[in-house]
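The values are calculated or read from the model by the stated rules, or taken from the named source; none is laboratory data. All values reported here derive from a predicted model rather than from experimental measurement. Here the Cβ positions follow ideal geometry from the backbone for every residue, glycine too, while neighbour counts run over all protein chains shown. Heavy atoms of the whole protein, side chains included, go into the accessibility calculation; ligands, DNA and RNA do not. Shrake-Rupley method; radii C 1.70, N 1.55, O 1.52, S 1.80 Å.
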Amino acid sequence: MGATIYDIARHAGVSKSTVSRVLNNQTNISADSKKRVLTAIEELQYKPSKLARALTNSGFDAIMVISNRPTKTTAGNPFFSEIIHSISAIAEDQNFDLILQTSRNTDDELDKCIAKIKEKMIKGIIMLSSPADETFFEKLDPFNIPIVVTGKIDGTYKNVYSVDTDNFKDSYELTSLLIKNGHKNIACLHAPLNHHVSIDRLAGYRSCLFDHNLDIRRDWILDSGYTAEDAYNAANQLLSHPNRPTAIFATDDLKVLSIYKVAAEHNLQIPEDLSIVGYNDRVVSTFLSPPLTAIDIPTKRLGKAATELLFKLIQNNEKNSQKMIIETKLINGASIQSLKSH
């Protein structure tokens, strides 16, 4: 069994409270007493436990990850599992525990966050998606605990930071690529518009069609939900349309997978009968045939950048920008058929 704070006090010939003040780096202690305590710590090879540190004013060495979405909407989504893995690896290197917070709804999640902050159970929060309604940030900002969001923030806050990609630009580029290949009848499967990422990706698609004087058909713009089942049903509805589109822009990998599956069930060849562009990560793309033309989501870089920023904020090392944009790249697959020669 390792040395305790009582052993240190006896060895140094000081009180337990003096040892506590040294461990907490307090100033109300004499130089001689501090030297004796530090010598005792070294000689006894004392290592304070996480629980012992947590019982001091500093609290637990832990960060919390929240999705800001009900658990049922993140199940089976590869983005969340991959980014959490990236975050946990850095937290482990920093000797911090990671708390993965689940919730029934936003109010429940907010209550849990506030409780853990007040109990000094966490020193920072990473939020994996940014809600369009930023009341959540407004409620947490006054607690002066750093919050890093892997998504966009519109409001101005003291303690909320954003690490994101340019979703509007990327969606505009993908839609433009279809248009350059002669497509005019382009549909869109998108996620619900209660998060900034969904709003910006749909806006990029719509703006590109508008700039090229193409029709924006409401019946070809479908909210495909968060789950694989919802995405499948939306894709099936779209491809069962008597006047179906020649191309589809999908705003996330669940939408992409649903389109590939439904196209096969309708005996539609990709890209000969239907062109597809979208967003996907490299894990998903390995299972697609033909390979998807897509914006590669830098999930690991997002997780790494967000976590490194959070620890800088926790350690108060330097002044940091409130918003950081991670560059993406276009993967030229084989899911687009050129109509220019048709």
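Here are the numbers:
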quantity	calculated
Per-region count, the stretch 111-129, residues more than 15 Å from Asn159 (Cβ to Cβ) and touching a helix residue (DSSP H, G or I) at 6+ places or on another chain (Cβ under 9 Å)	5
Residues within the stretch 289-332 that are surrounded by 19 or more Cβ atoms within 10 Å (Cβ to Cβ), outside any helix (DSSP H, G or I) and modelled with pLDDT under 90, tallied	1
Single residue of Ala247, Ala234, Ala305 found to be within 30 Å of Val160 (Cα to Cα) and hydrophobic (A, V, I, L, M, F, W, C)	Ala305
Sole residue being of a type in the set (Asp, Glu) and under 14 Å from Val160 (Cβ atoms), chosen from Glu119, Glu109, Glu134	Glu134
Among residues of the stretch 76-101, those that are under 13 Å from the mean Cα position of the chain (by Cα), surrounded by 13 or more Cβ atoms within 10 Å (Cβ to Cβ) and not hydroxyl-bearing (Ser, Thr, Tyr), counted	8
Qualifying residue in the stretch 208-222 (condition: within 22 Å of Ser81 (Cα to Cα) and touching a residue at least 24 places away in the same chain (Cβ under 8 Å))	no
Test result for Thr299, free of Cβ contacts under 8 Å to residues at least 60 places away in the same chain and within 25 Å of the chain's Cα centre (by Cα)	no
Close pairs (9 angstrom Cβ cut-off, 6 or more residues apart or separate chains): more than 26 Å from Glu82 (Cβ to Cβ) and at pLDDT 90 or above in the stretch 129-140, open to solvent by less than 40 Å² (accessible area, probe 1.4 Å) and not in a loop (DSSP other than H, G, I, E, B) anywhere	Thr135/Leu110; Lys139/Leu110; Lys139/Cys113; Lys139/Ile114
Check on Asn181, free of Cβ contacts under 8 Å to residues at least 60 places away in the same chain and over 22 Å from the mean Cα position of the chain (by Cα)	no
Some residue of the stretch 295-302 being under 30 Å from Asn144 (Cβ atoms) and among the aliphatic types (A, V, I, L, M)	yes
Neighbours by Cβ (under 7 Å, 6+ apart or cross-chain): first from the stretch 7-20, within 9 Å of Ile41 (Cα to Cα); second crowded, with 18+ Cβ neighbours inside 10 Å and of a type in the set (Ser, Thr, Tyr)	Ile8/Tyr46
Breaking point among (1) outside any helix (DSSP H, G or I); (2) at pLDDT 75 or above; (3) open to solvent by 80 Å² or more (accessible area, probe 1.4 Å), for Ile63	(3)
Residue check for Ser198: touching a Leu at 6+ places or on another chain (Cβ under 7 Å) and hydroxyl-bearing (Ser, Thr, Tyr)	no
Unmet criterion (only one of (1) more than 20 Å from Leu257 (Cβ to Cβ); (2) over 21 Å from the mean Cα position of the chain (by Cα); (3) of a type in the set (Phe, Trp, Tyr)) for Tyr205	(1)
Wholly enclosed helices (runs of 4 or more DSSP H) of the stretch 102-185 bearing at least 2 residues surrounded by 16 or more Cβ atoms within 10 Å (Cβ to Cβ) and not hydrophobic (A, V, I, L, M, F, W, C)	106-118, 167-180
